[in-house]
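What follows is calculated from the coordinates using simple rules that are stated; it is not laboratory data. Remember, it's a predicted structure, so these values are computed and weren't measured experimentally. All Cβ positions, even for glycine, are placed from backbone atoms using ideal geometry, and neighbour counts span all protein chains on display.
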Amino acid sequence: GGELFIPLEGILDPAAEIARLEKEIEKAKSFAASIERKLSNEKFVSGAPEAVVNAERVKLATQQDIIAKNQKALEELK
C-alpha cells in the first residue's frame, strides 16, 4: 500500500500531536526492549516452538517500524 499525506495545518494541535507521538515512541521502545530481552534469552529461543520465536521476531519488527514512522512524523512536526 501507498502512503497518503493530508495537510493538517489548522486541523491539528502540533504540541498535542508531538506529545502523542513521543508517548507512542516510548511505549513502542519499551515493548521492543522487552521482546529483545526475551529473544536474547537462550533458554527461551532454544526451548520455545519455532513459531513462537518467529512471532516474537515479527512483534519486534512491528515495534521498530512504529518507532521509525512515529520518529519521522515527529521530525516533520518540529
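The table for this structure:
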{"quantity": "Label-point gap, in nm, between K59 and R20 - each point 7 angstrom along Cα→Cβ", "calculated": "2.6"}
{"quantity": "Neighbour net charge for G1 - beta-carbon separation under 14 angstrom, K R +1, D E -1", "calculated": "-1"}
{"quantity": "Cleavage-rule hits, GluC sites (Glu not before Pro), the chain, DSSP coil, Cβ neighbours within 10 Å at most 12", "calculated": "E3, E9"}
{"quantity": "Candidate values (1) 47, 35, 18; (2) 34, 33, 20; (3) 53, 26, 14, label of the one derived for Cα extents along the principal axes in Å", "calculated": "(3)"}
{"quantity": "Cα long-axis angle, helix 14-40 against the chain (0 to 90 degrees, to the nearest 10)", "calculated": "10"}
{"quantity": "Taking segment 14-77 and dividing mean pair separation by its residue count, relative contact order in percent (alpha carbons under 8 Å, at least six apart)", "calculated": "54"}
{"quantity": "Net charge of Cβ neighbours under 14 Å - reference S34; Lys, Arg +1; Asp, Glu -1", "calculated": "+3"}
{"quantity": "Nearest 10 degrees, 0 to 90: helix 50-77 Cα axis against the chain principal axis", "calculated": "20"}
